[in-house]
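Encoded as structure tokens, the structure appears first; notes follow it.
Only the coordinates and a few stated rules stand behind these numbers; no lab work does. Please read these numbers as outputs of a predicted model, since none were measured by experiment. Positions of Cβ are backbone-derived with ideal geometry, glycine not excepted, and every protein chain shown enters the neighbour counts.
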Amino acid sequence: MIGEPEGEHLIQGAVPAAQAELARAIGTTQSHVSEYESGARRIETMPAGEFVRLKAVLDVTDAPLLDADLSGIDPDAIATAENRVARLRRRLRRRRDRASFDLLVEAELDLARRMDEREEAVARAMGSRA
């Protein structure tokens, strides 16, 4: 998890209560923290004041949130997989057939795999900075 000391939920994987607490501390909303965490909102777009407060809350001095080498991660891959899942869920609600169900299961597994890969890449990149 990004900057996570000993099991505390800070950014990635934060439970909603912790997200709300972090949001209050940096001056944003819980939904924005959730969007940063999921990748729906890029941390590079965070207003400067919020970013400075985030660094202070996380006790980060050299901005590893931005400096990490995440070149192996395709930022659009997860969004594409999420869109595919949403499309297939709508299709399953309309058709209610086995083929639609099978496609949805495959898409859900693909999305989970991509999210795991992203989390592992972030962990590797953050670990290489230590």
query = In nm, to one decimal, how far is the modelled label at Arg124 from the one at Arg91, with both set 7 Å along Cα→Cβ?
reply = 3.1
task = For the stretch 50-56, just list the computed ³J(HN,Hα) in residue order, Karplus coefficients 6.51, -1.76 and 1.60, θ = phi - 60°, integers in Hz, with x standing in for Gly and Pro.
result = 5, 5, 4, 5, 4, 4, 5
note = Which residues qualify? For Arg41, with a placed amide H closer than 5 Å and at least 5 residues away or on another chain, they are Tyr36
remark   = A chain fully extended from Thr45 to Glu106 at 0.36 nm per residue, minus the present Cα-Cα distance, gains in nm 18.7 nm
